[in-house]
Protein chains: 2
Amino acid sequence: MIRKYEGNPVIKPSDVKPSMEGYVVHGAFNPGATLFNDEVLLFLRTAEGCVPREGVVRTPVYRFNEDGTAHPDIMEFQRDDPDVQLKDTRGVVYKGQDYLSTMSHIRIARSRDGLHFTVDEAPFICPVVPTEKYGVEDARVTKIDGRYYINYTAVSPDSWATALAVTDDFKSIERLGLIFHPENKDVAIFPEKINGLYRALHRPNNSGFGRASIWYAESPDLLHWGNHKCILRPRNTEWESMKIGGGAPPIKTDDGWLIITHGKGDGQKYSLFCVLLDLEEPWKVIRRADEPLLTPTETYETDGFFGNVVFSNGVVERDGKVYIYYGAADETACVAISDIDSLLASF
Amino acid sequence: MIRKYEGNPVIKPSDVKPSMEGYVVHGAFNPGATLFNDEVLLFLRTAEGCVPREGVVRTPVYRFNEDGTAHPDIMEFQRDDPDVQLKDTRGVVYKGQDYLSTMSHIRIARSRDGLHFTVDEAPFICPVVPTEKYGVEDARVTKIDGRYYINYTAVSPDSWATALAVTDDFKSIERLGLIFHPENKDVAIFPEKINGLYRALHRPNNSGFGRASIWYAESPDLLHWGNHKCILRPRNTEWESMKIGGGAPPIKTDDGWLIITHGKGDGQKYSLFCVLLDLEEPWKVIRRADEPLLTPTETYETDGFFGNVVFSNGVVERDGKVYIYYGAADETACVAISDIDSLLASF
């Protein structure tokens, strides 16, 4: 069985201190997750906009300094300036340049029991390089050989792509570059080498034939990736009619690699599914759930910044239980609790 | 100076024998090129459709056999079948499945003088794996350490991506998998390692912010690629207003790596440009032409299957001259002749 924690959401935007005065936190969602020093760490996608002011359009921006640091700032445009074009909810175009109405960074939240969290005062991963100019989103953490590899979506005027970084202490990180070129997100790195190679799932965009699907890749060193294969395509169901994508790093079980994927279906509703991949040949799908593991049913999932979304990119195994952390309605962080046997028996 | 060869086009569709009876060759264009055994080899993107028949829609398809081979075939749909939807010029949708009206393979043409070519009777690279189900397009050949690496666009129901293969004899090839995931084309691999790593240019699609641009990547082994960087963006000119992309493998000169890129500008017109990259740090652009090197001016360039297109993905240096092979109007193969000093002096 799986149960949504009755104390959900475990983190709300109001629990997160804005990066600077004048910013307001709209979302603290899509948490990556890992165990570190007996604590559960969540890596919140923290989406911030600006406190509104009448007659003015205000957008968050990051200023890059010559010494390689950066700081958040606020751009102001007069609403009646003929050079200002409002662009749906995403932002403003000013003299041909895009400015986003919200910008994301990654913030850490910490918990002893996996249910009650304290959110750090300061951001953990902020835009500091041009490939991150429009924000960093949706972190996944994979522990490999004692080090913690963090991949995340890097958004910039050149599109979106997946970046890799590594840390030992969750204080400082070393950036390792873009590992998947645009347009790619939902990257999940396996926690160990298989037959001498690192493995990952990824999700290229698909604007041509077909719909966005889950792909597989392999790497000798975590930095360079190849042998790309499309391994899971959306089915013609109400749950997957638009696209599918991967979730947290795969969990090793006796039966295979367990992954929890998401589907985007009719009415842009997101749900979660279990899939099992072969242990030795992880591009082979050996079992795939027909019915969702989790769908938006609670008010905190159906209503919010973007309603009817459940999206998981962080799973923690601890004391025989599996904590499936997920973003709800692109606004809050929640958890559902299960165990490996139940998950394997669920499909 | 650069001159378009007065005998252009050097290859026309009528010079190419169809892959099977019932097929018709619409285009023999966008040639990759290399020197091999004192001959210039061109690698023609050969686009084939079906000989029309009244009341019937006919599309080319490849049938995959269980032994790993494949053969071309013809699908027929009744025009008045309610399940048949005609889809602009690209093909047919039948019961939710796409069928293309033309399909490409790679055919070799051979020449002693680089100007007069004999086209092979049979295809060189045909779809034989599912990632190539909708055809193989736009080959680039890079000679590295005595072997010939061929990258090409692999098109399938899962979108388009870039595949790598290797050959020693241009008779058989060994496929090395997809090296750049969807959506990516215009990949040009440098002919030697630089500071221990292979290098390439590539061109991801961009459906979000910005426009499709030229990216850089590096690899320890030609199979796995990373450290992606956006290095050249379209300028706001009539020649580049839609997008830009790379061309043939870079040419080493004393001044830097010379590349001939393409721009897609106003009215979907394609033109060619010279760019110089740093020899040691080839992600650094050290010079970029303001004016095009080559634009569509001749009838064979302005009129054709898709008019106003010049597109180069094959360049050969020989006897002090540079032969710039290019596709014209998505229909024929042409050549323009110059030399390194002139090209370097041209911008």
Span per principal axis, largest first, for the Cα atoms of segment A:185-271 (Å): 41, 31, 16
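What does the charge dipole of segment B:196-347 about its Cα centre add up to, to the nearest 20 debye, if the Cβ of each Lys and Arg holds +1 and the Cβ of each Asp and Glu holds -1? Before the final figure, lay out each step's value.
On the way: 15 positive and 21 negative charges, 119 e Å.
Here segment B:196-347 has a charge dipole of around 580 debye.
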Euclidean distance of C-alpha centroids, segment B:136-166 and segment B:280-347, integer Å: 20
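To the nearest 20 debye, what is the magnitude of the charge dipole of the protein assembly as shown about its Cα centre, counting +1 on the Cβ of each Lys and Arg and -1 on the Cβ of each Asp and Glu? Walk me through the intermediate numbers first.
Details: 76 positive and 102 negative charges, 46 e Å.
I would put it at about 220 debye.
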Which listed pairs, of A:264/B:284; A:12/A:252; B:95/B:133; A:284/A:321; B:133/B:252; A:17/A:171, have C-alpha distances above 28 Å, in listed order: A:264/B:284; A:12/A:252; B:133/B:252
Residue-by-residue Karplus 3J(HN,Hα) for segment B:64-78, coefficients 6.51, -1.76, 1.60, Hz, glycine and proline x: 8, 9, 5, 7, x, 8, 8, 9, x, 8, 10, 9, 10, 10, 6
Cα-projected label distance for residue B:97 with residue B:81, points at 7 Å along beta-carbon direction, nm: 1.0
Simple spin-label estimate for residue A:112 and residue B:242 in nanometres, 7 Å along Cα-Cβ: 6.3
Qualifying trypsin sites (Lys or Arg not before Pro) for segment B:50-82 [loop in DSSP, other Cβ within 10 Å: at most 15]: B:79
Across the identical copies, how the residue B:291 labels are spaced - nm, sorted shortest first, 7 Å along Cα→Cβ: 7.1
Cβ nearest the rotation axis (B onto A), residue from chain B and distance to the nearest whole Å: B:224, 2
Copy-to-copy label separations for residue B:231, where each label sits 7 Å from Cα toward Cβ, in nm and ascending: 3.2
q = 0.05 Å⁻¹, the protein assembly as shown: log10 I(q)/I(0) [Debye, one scatterer per Cα]: -0.25
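What are the trypsin sites (Lys or Arg not before Pro) within segment A:162-254 that DSSP puts in a loop, where the Cβ has at most 12 other Cβ atoms within 10 Å? Write out the running numbers ahead of the final one.
Working: sites: A:171, A:175, A:185, A:193, A:199, A:211, A:229, A:235, A:243, A:252; in loops: A:171, A:193, A:211, A:235.
Those satisfying the criteria are A:171.
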Amide H within-cut-off set for residue B:183, under 5 Å, with H built and near neighbours excluded: A:183, A:205, B:205
Inter-centroid distance (Cα atoms) of segment B:39-68 relative to segment A:186-254, Å: 31
Selection from B:214, B:60, A:276, by position along the positive dipole direction of the protein assembly as shown (Cβ): B:60
Loop sites in segment A:12-84: GluC sites (Glu not before Pro), DSSP, at most 10 other Cβ within 10 Å: A:21, A:54, A:66
Cα Rg, Dmax, chain B, angstrom units: 19.5, 63
Other-copy label distances relative to residue A:112, 7 angstrom Cα-Cβ extension, nm: 8.8
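Could you tell me the calculated FRET efficiency between residue B:235 and residue A:166, based on Cβ-Cβ distance and R0 = 41 angstrom, to the nearest 0.05?
Working: r = 36 Å, r/R0 = 0.89.
Here the calculated transfer efficiency is 0.65.
Quick check on segment A:1-147: take the gyration tensor over C-alpha atoms, sort the square-rooted eigenvalues as a ≥ b ≥ c, and tell me if it's rounded (a/c under 1.5), prolate or oblate.
Working: a/c = 2.54, a/b = 1.78, b/c = 1.42.
It comes out prolate by the Cα gyration axes.
Computed from the coordinates by the stated procedures, all read-outs in this text should not be read as laboratory data. Please read all numbers here as calculations on a predicted model, not as lab measurements. Glycine gets a Cβ as well: all are built from the backbone with ideal geometry, and neighbour counts include every protein chain shown.
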